[in-house]
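All remarks here apply to the structure that follows.
Coordinate-derived values only; no laboratory data. The shown structure was predicted, so the numbers you read here are calculated from the model rather than taken from an experiment. So basically every Cβ, Gly included, is an ideal-geometry build from the backbone, and we count neighbours across all protein chains shown.
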Amino acid sequence: MSRAVAEPISLPAVLHRVDQVLKDFLDAKARAAATRELPPEVTSLLRNFVLNGGKRIRPMLCAVGWYAAGGRNEPPPYVIQAAASLEMFHSFALIHDDVMDAAHSRRGAPTVHRALSERYAHRHDAHRFGEHGAILLGDLAHAWSDELLYGADVPPARADAVRAVADAMRWEVMFGQYLDLVASGPPGADADAPLRIARYKTARYTVERPLHLGAALGGASQELMTSLSEYALPIGEAFQLRDDILGTYGDPRTTGKPCLDDLRDGKCTLLVAFAMRDADEEQRRLLRTAIGSPALGEEDAARVRQVFDATGARAAVERLIRTRQEEACHALTRAALPPAADAALREIAITSTVRTS
């Protein structure tokens with residue numbers, strides 16, 4: 001095996017190139033909008049949102065998928081552009097998700113719909129305007145993600161496989177989001193629902209399909225795609241379970257979003273399901289009263305967290321995260337990937353499940 005493949009993958013260098021593609025693309029769109037005298041805040045708000053932080057885990061996994069398929073040295077421009085398209089698509093998903101959740105902040109800054117409402121505070125319908133405008137900005141990010149992906153100079157022999165992965169990712173995450181909407185509400189003890197949501201909304205969208213996209217760009221076999229799925233699905237579930245814990249216990253200064261929103265929205269999580277399953281009647285009454293209440297404050301949230309701890313719900317979720325992480329690493333052992341790709345995926349398995357943001 002060549003030295004280039006055996007050396008560690010420089011993921012920071014890959015992500016720097018991804019960010020540069022996004023900056024250049026959005027700057028070009030801003031210039032094009034200006035020549036047509038279109039509202040400058042559209043491209044400005046979208047640019048700020050896309051470039052304001054984020055873990056870039058999907059572009060990162062796309063690049064690792066390419067290396068897993070035998071990629072050597074630095075990924076070619078079409079791989080970087082495809083990876084950037086994933087971040088643009090993720091911006092669409094987050095903007096719409098924030099509207100649906102009526103979220104106030106994202107990555108430590110106002111959400112897009114809130115920023116628009118504040119910009120047009122003089123309007124009598126400023127709140128509604130902000131939501132409608134954010135939906136349009138999200139749609140624009142969706143369209144531009146397609147432009148990035150299908151404008152990349154992908155080898156013709158691999159174009160159909162790349163399109164198939166991208167199409168699957170898009171419809172799967174929409175169904176995952178819909179399942180999340182359906183399941184929100186009064187807390188229940190059904191553990192299958194949050195795991196199903198985690199599988200479609202996060203495991204496939206965040207880990208499996210980005211890996212598959214990169215692998216398809218590298219001309220991967222179906223056998224490799226299956227091996228990547230065996231890693232991706234458990235680590236994707238673990239990623240979502242960690243996100244659920246951070247959504248309830250996390251420090252907003254670190255996570256960049258409030259830690260009450262999931263409880264106020266009645267989000268269907270495994271924490272809630274395990275707590276409802278093992279709570280006594282008094283604890284269940286508290287959970288039913290507090291979870292899903294728009295008036296829930298920090299004092300009530302603290303009481304809910306106490307129930308999560310007392311019933312062992314948090315500890316059970318932590319154990320499941322460790323189990324899923326172990327399953328993913330065992331899958332890598334069976335897969336026998338190139339050493340650099342294997343090392344990168346093992347590192348991602350750790351950092352994505354022990355993270356604090």
Per the helix-only model, the chain has a calculated mean residue ellipticity at 222 nm (DSSP H runs of ≥4, -39500 (n - 2.57) each, divided over all residues, rounded to the nearest 500) of -23500 deg cm²/dmol
Going fewest to most other Cβ atoms within 10 Å around each Cβ, His330, His212, His127 line up as His330, His127, His212
Of the residues Phe308, Leu332, Ala344, the Cα lying farthest along the dipole of the range 289-357 towards its positive end, which is defined by charges on the beta carbon of Lys, Arg, Asp and Glu, belongs to Leu332
With DSSP loop assignment and no more than 12 other C-beta atoms within 10 Å, the trypsin sites (Lys or Arg not before Pro) in the range 1-71 are Arg36
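Placing unit charges on C-beta atoms (Lys and Arg positive, Asp and Glu negative, everything else neutral), compute the dipole magnitude of the chain about its Cα centre in debye, rounded to 20.
Details: 43 positive and 47 negative charges, 93 e Å.
Computed about the Cα centre, the dipole is about 440 debye.
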Looking only at lysines whose Cα falls under 19 Å of Lys267's and that sit 8 or more positions away or on another chain, we get Lys201, Lys257
For the range 247-357, the Kirkwood Rh over every pair of distinct alpha carbons, in Å, works out to 15.8 Å
Share (percent) of C-alpha pair distances in the chain greater than 26 Å works out to 52 percent
Check: C-alpha center the range 213-269 vs C-alpha center the range 23-91, spacing in Å is 20 Å
